[in-house]
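Heads up: the structure comes next, in structure tokens.
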Amino acid sequence: MPLPVAPIALTALRVAPFAAAAYVAWRSAPVQRRNQHVEDALDEMPEGFSRHADTESSRAGARMKRSVRLGRNGPGIEIDAAALGRLRFRRV
């Protein structure tokens with residue numbers, strides 16, 4: 001059975017400009033240096049979601065750490081995603 005090329009080509013033409021723009025943005029972004037204090041803070045975060053609010057600001061943090069393995073004894077990868085955020089309003 002032949003593969004219909006027209007729908008695949010139309011989808012590729014629709015997605016290609018966005019993929020090209022994302023690639024250009026990724027390559028043109030400046031490389032930041034690693035801040036060890038920030039890396040240590042992200043490593044010390046507990047898993048899950050946490051938040052704290054006081055009179056001046058609100059802070060939130062989230063961390064997810066998972067291991068994914070292909071097959072029972074196959075190659076694996078560990079995913080460690082952490083994020084910190086702060087929202088501050090100040091009267092000027």
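The values are calculated or read from the model by the stated rules, or taken from the named source; none is laboratory data. Because the structure is predicted, anything quoted here is derived from the model rather than measured. Quick reminder, even Gly has a Cβ in these numbers, built from the backbone with ideal geometry, and neighbours come from all protein chains shown. These area figures cover heavy atoms from the full protein model, side chains too; ligands, DNA and RNA do not enter into them. Shrake-Rupley method; radii C 1.70, N 1.55, O 1.52, S 1.80 Å.
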> Is it the case that Leu84 is open to solvent by less than 60 Å² (accessible area, probe 1.4 Å), in contact with a Leu (Cβ under 9 Å, 6 or more places away or on another chain), in contact (Cβ under 8 Å) with a residue 40 or more places away in the chain and of a type outside the set (Ser, Thr, Tyr)?
Replying inline: no
> With (1) exposed (fewer than 10 other Cβ atoms within 10 Å of the Cβ); (2) outside any strand (DSSP E or B) as the list, and Ala20 as the residue in question, which single condition is left unmet?
Replying inline: (1)
> Asn73 fails exactly one of the following numbered conditions: (1) outside any helix (DSSP H, G or I); (2) open to solvent by less than 60 Å² (accessible area, probe 1.4 Å); (3) modelled with pLDDT under 90; (4) not small (Gly, Ala, Ser). What is the number of that condition?
Replying inline: (2)
> How many residues does the range 34-55 contain that are closer than 16 Å to Arg66 by Cα and open to solvent by less than 70 Å² (accessible area, probe 1.4 Å)?
Replying inline: 3
> Which condition number does Asp43 fail, the rest of (1) part of a loop (DSSP other than H, G, I, E, B); (2) under 21 Å from Leu84 (Cα atoms); (3) not β-branched (Val, Ile, Thr) being met?
Replying inline: (1)
>> of a type in the set (A, V, I, L, M) and over 18 Å from the mean Cα position of the chain (by Cα): is that true of Leu42 in this structure?
In response: no
